[in-house]
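The block underneath contains the structure these notes are about, expressed in structure tokens.
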Amino acid sequence: MKAGTKKVGTSLGLLAFAVAAVTVMAWFRQINQVEIPENRTAFVVFFLTAAALGVGAFVARTRWFGGVAAVLAILIGSFFPFTVAISRQEVAADSIRVGDSIPVFSALDENGEVFESTTLAGKPTLIKFFRGHW
């Protein structure tokens with residue numbers, strides 16, 4: 001086996017992991033800013049690219065550390081598109097929009113006490129509901 005072939009495979013494995021890691025960081029940055037795009041095609045493409053590069057690293061033969069990076073890239077690059085495929089996030093037609101009146105509801109607060117939305121009547125209020133899409 002030529003050492004040059006293993007060098008190519010190792011480079012592909014490390015590149016695959018880098019693509020996966022940068023894409024994960026971009027995704028979590030968007031989650032942190034609550035700016036998850038409705039069209040996630042670019043994220044899916046980058047994650048699948050990372051997985052494909054990881055597979056390519058094994059095809060080209062890789063050293064152990066390139067193999068570890070490739071396996072991580074394959075796992076990360078496959079997990080995200082799978083979760084996107086099985087978990088659609090759609091905005092309901094009757095969803096609350098900016099400027100709408102707050103609906104009447106009650107829920108437990110962080111102290112386990114009942115919170116009533118009616119206590120906010122007449123006050124500008126920001127309510128942030130978040131469902132992470134993994």
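With unit charges on the beta carbons (Lys and Arg positive, Asp and Glu negative) and the dipole taken about the Cα centre of the chain, which residue among Ala92, Ala107, Asn39 sits farthest to the positive side?
Asn39
Taking all pairs of distinct Cα atoms, average 1/r, flip it, and tell me the Kirkwood hydrodynamic radius of the chain in Å to one decimal place.
Evaluated on the chain, it is 17.9 Å.
Could you identify which residue out of Thr118, Thr62, Thr23 has the top mean-square fluctuation in a GNM of the chain using Cα springs shorter than 10 Å?
Thr118
Using a ≥ b ≥ c from the Cα gyration tensor of region 50-112 (square roots of the eigenvalues), is it rounded, prolate or oblate, where a/c under 1.5 gives rounded and otherwise the larger of a/b and b/c decides, a/b for prolate? Please list the in-between numbers first.
Values: a/c = 5.35, a/b = 2.84, b/c = 1.89.
Here region 50-112 falls in the prolate category.
Which one, Ala73, Ala42, Ala20, has the greatest fluctuation when you compute a Gaussian network model over the chain with C-alpha springs under 10 angstrom?
Of the options given, Ala42 has the highest mean-square fluctuation.
Please give the solvent-accessible surface of Asp100 in Å², to the nearest 10, using a probe radius of 1.4 Å with every protein chain present.
For Asp100, the solvent-accessible surface is approximately 80 Å².
Accessible area of Leu72, 1.4 Å probe, to the nearest 10 Å²?
70 Å²
Relative contact order for region 34-77: what is it in percent, counting Cα pairs under 8 Å that are at least 6 residues apart? Write out the running numbers ahead of the final one.
Numbers: 28 pairs, mean separation 20.5, N = 44.
Computed over region 34-77, the figure is 47 percent.
Relative contact order for the chain: what is it in percent, counting Cα pairs under 8 Å that are at least 6 residues apart?
Numbers: 151 pairs, mean separation 36.7, N = 134.
It rounds to 27 percent for the chain.
Using Cα-Cα distances under 8 Å and only pairs 6 or more residues apart, what relative contact order does region 1-74 have, in percent?
Values: 104 pairs, mean separation 40.2, N = 74.
That works out to 54 percent.
Compute, for the chain, the length of the dipole vector about the Cα centre, with Cβ point charges of +1 (Lys, Arg) and -1 (Asp, Glu) only. Units Debye, rounded to 20. Don't skip to the answer; put the middle values down first.
Numbers: 12 positive and 9 negative charges, 253 e Å.
The dipole of the chain has a size of about 1220 debye.
Within the chain, what's the longest run with no trypsin sites (Lys or Arg not before Pro) in a DSSP loop and at most 10 other beta-carbon atoms within 10 Å? Give the range, please. Kindly include the intermediate steps, with their values, before the conclusion.
On the way: sites that count: Lys2, Arg88, Arg97, Lys128, Arg131.
Answer - 3-87.
Can you pull out the chymotrypsin sites (Phe, Trp or Tyr not before Pro) in region 5-85 whose DSSP state is coil and whose Cβ has at most 13 other Cβ atoms within 10 Å?
Numbers: sites: Phe17, Trp27, Phe28, Phe43, Phe46, Phe47, Phe58, Trp64, Phe65, Phe79, Phe82; in loops: none.
Passing sites in region 5-85 do not exist.
With each run of n ≥ 4 DSSP H residues scored as -39500 (n - 2.57), what mean residue ellipticity at 222 nm is computed for the chain after dividing by its residue count and rounding to the nearest 500 deg cm²/dmol?
Values: 3 runs with 72 residues, N = 134.
Theoretical 222 nm ellipticity from helices: -19000 deg cm²/dmol.
The values are calculated or read from the model by the stated rules, or taken from the named source; none is laboratory data. Here the structure is a predicted model, which means the values were calculated and not measured. In this analysis, Cβ positions are derived from the backbone assuming ideal geometry, glycine residues included, and neighbour counts consider all displayed protein chains. Please note that ligands, DNA and RNA were not included when accessible areas were found on the heavy atoms of the full protein model with its side chains. Shrake-Rupley method; radii C 1.70, N 1.55, O 1.52, S 1.80 Å.
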